[in-house]
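**Student:** Got a structure for you, written out below as structure tokens; questions coming shortly.
The values are calculated or read from the model by the stated rules, or taken from the named source; none is laboratory data. Remember, it's a predicted structure, so these values are computed and weren't measured experimentally. Glycine also receives a Cβ, built like all others from the backbone with ideal geometry; neighbour counts cover every protein chain displayed. Side chains are part of the model used for accessible areas, which takes the heavy atoms of the whole protein and leaves out ligands, DNA and RNA. Shrake-Rupley method; radii C 1.70, N 1.55, O 1.52, S 1.80 Å.
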Amino acid sequence: MAKLINYAPEAWNHLHGVFCVYKPVDMSVRFMRNVIVGNLCRDLNELQPRHVPPIVAIEGSISEGLVVKEKENFAAHELVLGPHYQPKDLRVSWAQYLHKDVSGVCIMGVNRGCKGTHLVRESRLIRTYMVSGKFGYATDNLFHTGKVVEKSRFAHVTKGKIVRALMSIQAAHQRASMEFLGLDIHSQEAYEALSCTGLVRPEENSSPILYALSVKEFNPPDFTLEVSSINETGDYLKELIHSLGIKLKTNAVCTQLRCVRYGPWTLGHALLRKHWSLEHIVNNIGQSYPLLNNITPKSPSLASLEENEIMCLISTRCHYAYRGTGNDS
């Protein structure tokens, strides 16, 4: 059941937690943060402000009589102090840095929720990307916006060859992940570690580790890969497409990077830019609260969250509605 809130201090009390947004391409994370902070300040200032008691004044003279009057307290007037809520009053942080060329799921925290973004970062959850590329070209920045420095043939590339190349890359990363446990991948201890605790999660910051690689679309020269990884960056994913082209004896350039999942958060949780407002962000904080409480791994390995568990958690969310908010930016 929706709860109507038109009192700004009450809305502020709900503005603490972690929420999920969809970062557009060609927009930096810092600029996105500034847009969200501006929208929150705008919506908070449009709600009913905190009540300021009037000034009690005694006018007149003793001979003619004294009169007690109430006057407006201009010390708290908006024209004197400015807007009640200003950008410097809000603390907003992000859990992961997405490059300007990368779009998709981004976890943000507001006020006391900034501790939650630190928890998400330290948990090192697996992120899933849809990475699109194009065969036959190579650029100076490994992205389609760069200057073309080389062209090559790609008619010999088939989906089967791409799958075999991805399998070899994934196997190399599986061997590297076992090094974090100090075990031989062919030993019984390694088998028991994988079968009992699931995917190996590095305890500290490390080089990128790829857990799953698959081909989602193949329409030469264009193709799309699904990449599940940890500790990766946008530049690393671009290099992955470039190295894949070399492995297939051709060239390949990255054309799109989109994060579709961050641990339990998916595209279904992410707020579009038109929903970066007070009402939708507070609702999203209520949805993200149970997800945040279930992300911390209890062992050096990370077990994935099942879909039915996610739906169960989402069903417990709470909703809020507000009066007096302006149009979305």
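**Student:** Which of the residues belonging to segment 38-48 are in contact with a helix residue (DSSP H, G or I) (Cβ under 7 Å, 6 or more places away or on another chain) and either open to solvent by 60 Å² or more (accessible area, probe 1.4 Å) or within 22 Å of Leu291 (Cα to Cα) (or both)?
**Tutor:** Within segment 38-48, Gln48 is the sole residue that qualifies.
**Student:** Can you find a residue in segment 118-128 that is small (Gly, Ala, Ser), surrounded by fewer than 19 Cβ atoms within 10 Å (Cβ to Cβ) and more than 30 Å from Gly263 (Cβ to Cβ)?
**Tutor:** For segment 118-128, residues small (Gly, Ala, Ser), surrounded by fewer than 19 Cβ atoms within 10 Å (Cβ to Cβ) and more than 30 Å from Gly263 (Cβ to Cβ): absent.
**Student:** A follow-up question, please. Looking only at segment 58-77, which residues are in a helix (DSSP H, G or I) and exposed (fewer than 11 other Cβ atoms within 10 Å of the Cβ)?
**Tutor:** Ala75
**Student:** Follow-up. Quick one: which of Thr117, Thr128, Thr145 is β-branched (Val, Ile, Thr), under 30 Å from Gly286 (Cβ atoms) and at pLDDT below 95?
**Tutor:** Criteria check complete, one pass: Thr117.
**Student:** Report yes if Ile55 is in contact with a strand residue (DSSP E or B) (Cβ under 7 Å, 6 or more places away or on another chain), of a type in the set (A, V, I, L, M) and open to solvent by 60 Å² or more (accessible area, probe 1.4 Å), otherwise no.
**Tutor:** In short, yes.
**Student:** Another question, then. Here's a check for you: in segment 13-37, which residue that is closer than 15 Å to Asn283 by Cβ and touching a Phe, Trp or Tyr at 6+ places or on another chain (Cβ under 9 Å) is surrounded by the fewest Cβ atoms within 10 Å (Cβ to Cβ)?
**Tutor:** The qualifying residue surrounded by the fewest Cβ atoms within 10 Å (Cβ to Cβ) is His14.
**Student:** Checking the structure you have, find out if any residue of segment 214-237 is at pLDDT 95 or above, in contact with a helix residue (DSSP H, G or I) (Cβ under 8 Å, 6 or more places away or on another chain), aromatic (Phe, Trp, Tyr) and open to solvent by less than 20 Å² (accessible area, probe 1.4 Å).
**Tutor:** Yes.
**Student:** Still on this structure: May I ask you to list the residues in segment 90-137 that are part of a strand (DSSP E or B), of a type in the set (Ser, Thr, Tyr), within 11 Å of the chain's Cα centre (by Cα) and closer than 17 Å to Tyr22 by Cβ?
**Tutor:** Correct list: Ser103 only.
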